[in-house]
């Protein structure tokens, strides 16, 4: 169950991270925060990032084999990167209509999935 909770927390964490990093661009496009000064947008994003860290840190603690979890540090990092890519791909293609997934994006995605396979090999 530790592996499941780790991956679930990493997914939630990456949703918050993607919103913190790129959500303000969509809000600006929608004219919600288009007149906000940059420092206000930064503070807004930091607030979202706090929620991200509140999931990321426990995910790493639960999942790390040094704490009794199932994953090595290297495995945690590669898994996290693939989750980040999946979340970002969904976010960008669903919310930003001009973003299109091309064959080279899919090929790169496949390489990252292979990276997870290789890093999890014993």
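Restricting the stretch 60-94 to residues that are surrounded by fewer than 15 Cβ atoms within 10 Å (Cβ to Cβ) and in contact with a strand residue (DSSP E or B) (Cβ under 8 Å, 6 or more places away or on another chain) leaves a set whose member that is nearest to residue 19 (Cα to Cα) is 73.
Could you go through the stretch 60-68 and let me know if any residue there is part of a loop (DSSP other than H, G, I, E, B), in contact (Cβ under 8 Å) with a residue 40 or more places away in the chain and closer than 18 Å to residue 5 by Cβ.
The initial filter retains those residues of the stretch 60-68 that are part of a loop (DSSP other than H, G, I, E, B), namely 68.
From what's left, in contact (Cβ under 8 Å) with a residue 40 or more places away in the chain: 68.
Then keep just the ones that are closer than 18 Å to residue 5 by Cβ; that gives 68.
Yes, the stretch 60-68 contains a residue that is part of a loop (DSSP other than H, G, I, E, B), in contact (Cβ under 8 Å) with a residue 40 or more places away in the chain and closer than 18 Å to residue 5 by Cβ.
Applying the condition of being surrounded by 13 or more Cβ atoms within 10 Å (Cβ to Cβ), over 26 Å from residue 75 (Cβ atoms) and touching a residue at least 24 places away in the same chain (Cβ under 8 Å) to the stretch 37-59 and asking which residue is farthest from the chain's Cα centre (by Cα) yields 45. Here is a check on your reading of the model: is residue 97 surrounded by fewer than 16 Cβ atoms within 10 Å (Cβ to Cβ) and assigned to a helix (DSSP H, G or I)? No.
The condition of being free of Cβ contacts under 8 Å to residues at least 60 places away in the same chain and out of contact with any helix residue (DSSP H, G or I) (no Cβ under 9 Å at 6 or more places or on another chain) holds for only one of 4, 16, that being 4.
Every read-out reported here was derived from the displayed coordinates using simple, explicitly stated rules and does not represent laboratory data. This is a predicted model, so every value here is computed, not measured. Cβ coordinates were reconstructed from backbone atoms using ideal geometry, including for glycine residues, and neighbour counts include every protein chain displayed.
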